[in-house]
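Colleague: Once you've had a glance at the structure underneath, I'll fire off some questions.
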Amino acid sequence: MKQSNPIFSRIEEMADDLKAWRQHLHAHPETAFEEVETSAFVAEKLTSFGIEVHRGLAQTGVVGTIKCGTSDRKIGLRADMDALDIDELNEFNHRSIKAGKMHACGHDGHTVMLLGAARYLAEQQSFDGTVYFIFQPAEENEGGGRAMIEDGLFEQFPATAVFGMHNAPGIPVGHFLLKSGPMMAGFDTFDIEVKGVGGHAAMPNASVDPVIVAAEIVLMLQTIASRNLDPMKAVVVSTTQMHGGAAYNVIPESVALAGSVRYFDLDVQDLVRRRIADIASNIAAAHGATVELSYQERYPPTINSKPETDICASVLTNSFGADSVTTEFAALMGSEDFAFMLLEKPGCYILAGNGAEEGSCMVHNPRYDFNDSLTPWGVTYWIDLVHELLPR
């Protein structure tokens, strides 16, 4: 980090507090829409900074507001707060005290980086406009971003642009990734129930075997990417569950399949949805079986708008140097429900390196821990972004 940055010395003074807050949150993880203690912690900190606080959007969401000067410009900065249903295997003192739950994705760090920026900006009043600090529940699987929007997030807090950030293990601390257009994939799920006619395994001719039907469906779903899709586009169709049968000598009545779809383009999503339905129903019909399909649209692609992405890249370059910023890379197949906010408002989602040293591990791993040395970089980015977008 460029230590000539005037913000740096104040963040250094906050360092012990920020680390203590982050480790407290790590030890007290809460999952989707159950972030009661977490939201109370966030609200208490914001209030102590003298920031106006609103609670209750999407049940446990928190929004803090700072208005300075006379400008009518308004921006939103978002951090996710929820943890995952994972048993933590770490042994350090701040490991999770809640069995079966842990901060395995770094949302504890995201929350604290935004709290640090809120504290600084409340102290300094160093911008002209309004900043909404959006602390979102239920990013993991449950679409808390969509729930906040449906509860009136942008009606009550009318930001003209929104910004998000996530840590990225395997990338050195102090390095950032961002790009305009698709940044991360859309994420849908499907459930297929294959219904046959059960019977004795020794007399399969008297049955309609749903296991055979399900197996053919699983294999044929892979032809969507290889034979139905434009080779210049991308999709991943993964069957991740297969359940059926309870005995060695019984052909079951039904088999259940489930899986996920990842994509970057809405026309690809439409194609995949239609082909899954066609493949499942036609294979079932060929065997005399039937199927029931449920296709759920979960998270849309995360698509950064170019003007806001260019601004964020400029801020990162000015703050940390051109060598710290990467803007050319393949979009990621992971998904992120900040995408819902980017459907409503222009903005930019970035990745911040969480460390690439030996022993660091990927998110959603039971030995993951947010790297506290990333915190000052993230806080500085948020503050510099506010100063760029809302200059005095």
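Colleague: Just checking, does the range 221-237 include any residue being under 30 Å from A206 (Cβ atoms) and surrounded by fewer than 19 Cβ atoms within 10 Å (Cβ to Cβ)?
Modeller: no
Colleague: Any idea which of L271, L229, L266, L293 is at pLDDT below 95 and either out of contact with any Leu (no Cβ under 7 Å at 6 or more places or on another chain) or hydrophobic (A, V, I, L, M, F, W, C) (or both)?
Modeller: That would be L266, the only listed residue that is at pLDDT below 95 and either out of contact with any Leu (no Cβ under 7 Å at 6 or more places or on another chain) or hydrophobic (A, V, I, L, M, F, W, C) (or both).
Colleague: Further question on the same structure: Search the range 294-323 for residues being surrounded by 15 or more Cβ atoms within 10 Å (Cβ to Cβ) and more than 30 Å from L389 (Cα to Cα), and hand back the single one that is nearest to the chain's Cα centre (by Cα).
Modeller: Once the filter is applied, the top-ranked residue is R298.
Colleague: Which of the residues that make up the range 337-392 are in a helix (DSSP H, G or I), in contact with a Pro (Cβ under 7 Å, 6 or more places away or on another chain) and buried (at least 24 other Cβ atoms within 10 Å of the Cβ)?
Modeller: A339
Colleague: So if I check each of L114, L89, L121, which one is aliphatic (A, V, I, L, M) and in contact with a Pro (Cβ under 6 Å, 6 or more places away or on another chain)? Spell out how you get there, then give the answer.
Modeller: On the way: L114 fails: in contact with a Pro (Cβ under 6 Å, 6 or more places away or on another chain); L121 fails: in contact with a Pro (Cβ under 6 Å, 6 or more places away or on another chain).
When all the criteria are applied, what remains is L89.
Colleague: Could you go through the range 78-98 and let me know if any residue there is more than 23 Å from M14 (Cα to Cα), acidic (D, E), at pLDDT 95 or above and surrounded by 17 or more Cβ atoms within 10 Å (Cβ to Cβ).
Modeller: Yes: the range 78-98 contains one or more residues that are more than 23 Å from M14 (Cα to Cα), acidic (D, E), at pLDDT 95 or above and surrounded by 17 or more Cβ atoms within 10 Å (Cβ to Cβ).
Colleague: Looking only at the range 148-175, count how many residues are of a type outside the set (F, W, Y), surrounded by fewer than 22 Cβ atoms within 10 Å (Cβ to Cβ) and farther than 25 Å from T317 by Cα.
Modeller: Final tally of qualifying residues: 7.
Colleague: Sticking with this one: Hand me the list of strands (runs of 3 or more DSSP E) wholly inside the range 139-244 holding 2 or more residues that are among the polar types (S, T, N, Q) and closer than 28 Å to Q296 by Cβ.
Modeller: Counting at least 2 such residues, we get 235-243.
Colleague: V363: assigned by TED's automatic domain parsing to the domain that holds K19, among the aliphatic types (A, V, I, L, M) and under 25 Å from F8 (Cβ atoms), yes or no?
Modeller: When the stated conditions are applied, V363 does not pass them.
The values are calculated or read from the model by the stated rules, or taken from the named source; none is laboratory data. Every value quoted in this text rests on a predicted model; they were computed, and no experiment measured them. All Cβ positions, even for glycine, are placed from backbone atoms using ideal geometry, and neighbour counts span all protein chains on display.
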